[in-house]
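All of the numbers you see were taken from the coordinates with simple rules; none came from a lab. Note that this is a predicted model, so its numbers are computed, not measured. Methodologically, a virtual Cβ is constructed for each residue, glycine included, from the backbone with ideal geometry; neighbour enumeration extends over all protein chains shown.
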Amino acid sequence: MSGTTPARPSLTDLPLDAFEPLAEELGEKRFAGRNLARWVFERRVHDWDAMSDLSKRFRTALAERFVVRRTVVAADRADPGGTRAFVLRLADGRSIETVLIPEEERRTVCVSTQVGCPVACVFCASGLDGLLRNLTAGEIVEQVMTVQDVLPAGERVSNVVVMGIGEPTMNLTALTQALSTWNDPRGLGLGARRITVSTVGWPARIDRLAALDKEFGLAISLHAPRQELRQQLIPNGGQVPLAELLAAAKRWFARTGRRVTFEYVLIEGKNASPREAAELAALLRGFPCHVNLIPVNPVAGLPWQRPAPDAIDRFRAILLEAGLDATVRHPRGDGIAAACGQLRLEVERDAGTGAAVGRPPTTPPA
Ligand code: SF4
């Protein structure tokens with residue numbers, strides 16, 4: 001016997017449907033389970049004593065079996081535009097990055113789904129060390145709750161983008177539960193249209209998200225109009241045939257009624273010439289979509305540079321001339337290393353805790 005007490009699970013890891021049965025199991029009425037979920041997710045209370053409308057007996061039984069975990073903010077940096085990058089320390093000592101992006105009335109939280117990332121996009125800080133582990137559903141959900149806790153009174157998280165560290169569809173079960181907890185009125189009650197999942201794109205997994213029959217947003221990281229170039233830029237994901245990826249995007253649109261956003265990181269000398277713009281226009285012509293052009297964020301140790309502003313304008317103009325809807329998203333938070341997990345890597349490396357335990361897979365998931 002080691003003498004150590006096994007860690008109790010966190011209520012934030014439970015699906016919403018489990019709360020009423022849990023109350024019954026512990027001798028309470030089902031509505032006590034609904035009230036418990038409200039304390040955990042809506043009111044974000046950790047302290048059993050504060051859950052004043054639950055019986056003392058229920059709270060005692062819960063405390064013996066569960067905790068209400070909250071990830072700890074290990075670093076918090078803001079840029080002058082208001083973007084804030086948080087490094088959140090998990091219970092096992094690993095860390096993730098979560099970003100708050102305030103824009104006019106919106107308070108958008110960019111959440112992570114994995115510690116590290118197996119996809120290894122060549123321009124991304126998070127791919128440098130490979131995948132460490134998947135996040136649990138609760139660890140994904142809690143990121144939004146933690147940011148809500150630091151917002152001034154009267155401000156609420158309005159949007160969630162699953163675009164932080166990790167490939168969300170490689171952690172699909174936890175992602176699906178987190179989407180439900182954010183969206184369901186018994187959880188955080190955020191409208192589905194205010195939640196967007198960004199993926200490199202595996203057709204079968206896009207289909208599984210579409211089958212949720214919710215109006216979530218979908219963003220597909222395309223980054224190249226040609227197969228071989230995409231594979232170069234996205235080593236562990238770019239091998240999905242482009243025709244199959246686009247077919248999945250069309251099925252998504254047909255089922256959800258929501259047009260897909262294609263994300264395209266612009267890298268000088270790699271994928272940002274008029275040739276690539278014309279090829280991209282030809283690839284997407286006639287498909288109801290939005291193209292988001294993102295000048296690459298320089299990452300220490302990587303050679304990639306942004307194209308000049310007039311080259312970015314030219315690229316976009318070619319898409320517009322082809323009738324596509326295209327915007328340029330200027331990366332926010334450069335000054336705080338907010339892009340793709342840079343801040344987390346800096347903090348991890350300073351602390352000497354960032355070594356990967358696994359290398360990226362060489363085959364894509366089914
Ligand atoms: S850009 Fe996204 S998918 Fe690619 S390595 Fe970074 S975190 Fe992973």
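Show me the GluC sites (Glu not before Pro) within the range 95-204 that DSSP assigns to loop and that have at most 14 other Cβ atoms within 10 Å of their Cβ. Numbers along the way, then the final one.
Details: sites: 97, 103, 104, 105, 139, 142, 155; in loops: 104, 105, 155.
Sparse-neighbourhood loop GluC sites (Glu not before Pro): 104, 105, 155.
As an exercise, take the mean of 1/r over every pair of distinct alpha carbons in the range 262-305, invert it, and state the Kirkwood radius in angstroms.
Working: mean 1/r = 0.0863 Å⁻¹.
Radius from the Kirkwood sum: 11.6 Å.
Lysines near residue 56 by alpha-carbon distance under 21 Å, same-chain residues fewer than 8 away left out - which ones?
29
Let a ≥ b ≥ c be the square roots of the eigenvalues of the Cα gyration tensor of the range 227-335; is it rounded (a/c under 1.5), or, if not, prolate (a/b larger than b/c) or oblate?
prolate
Across every pair of different alpha-carbon atoms, what Kirkwood hydrodynamic radius in Å does the range 72-351 reach?
Numbers: mean 1/r = 0.0527 Å⁻¹.
For the range 72-351, the Kirkwood estimate is 19.0 Å.
Before rounding to the nearest 500, sum -39500 (n - 2.57) across all DSSP H runs of length at least 4 in the chain and divide by the residue total; then give [θ] at 222 nm in deg cm²/dmol. Mind showing how you got there, number by number?
Numbers: 11 runs with 115 residues, N = 366.
Counting only the DSSP helices, I get -9500 deg cm²/dmol.
Among the aspartates and glutamates, which have Cα under 17 Å from the Cα of residue 214 when same-chain residues fewer than 8 positions away are ignored?
184
Between the range 267-337 and the range 82-106, how far is it from one alpha carbon centroid to the other, in angstrom?
Using only Cα atoms to place each centre, the spacing works out to 26 Å.
Given Cα pairs under 8 Å that are at least 6 residues apart, what percent is the relative contact order of the chain? Spell out each step's value before the answer.
Values: 716 pairs, mean separation 58.7, N = 366.
After rounding, I find 16 percent.
Show me the helices of the chain, taken as full DSSP H stretches, that run 24 Å or more along their long axis by Cα and average -0.5 or above in Kyte-Doolittle hydropathy.
Working: long enough: none.
Helices passing the filter in the chain: none found.
Return a whole-number percent for the relative contact order of the range 207-332, with Cα pairs under 8 Å and 6 or more residues apart as the contact set. Walk me through the numbers on the way to the answer.
Details: 191 pairs, mean separation 31.8, N = 126.
Worked out over the range 207-332, it gives 25 percent.
Mind checking the full-extension length gain between residue 106 and residue 207? Use 0.36 nm per residue of separation minus the Cα-Cα distance, one decimal, nm.
On the way: separation 101, 0.36 × 101 = 36.36 nm, distance 2.90 nm.
Working it through step by step, the gained length comes to 33.5 nm.
For a quick check, take a GNM of the chain with Cα springs below 10 Å and name the residue from 301, 187, 82 with the largest mean-square fluctuation.
The residue with the greatest mean-square fluctuation here is 301.
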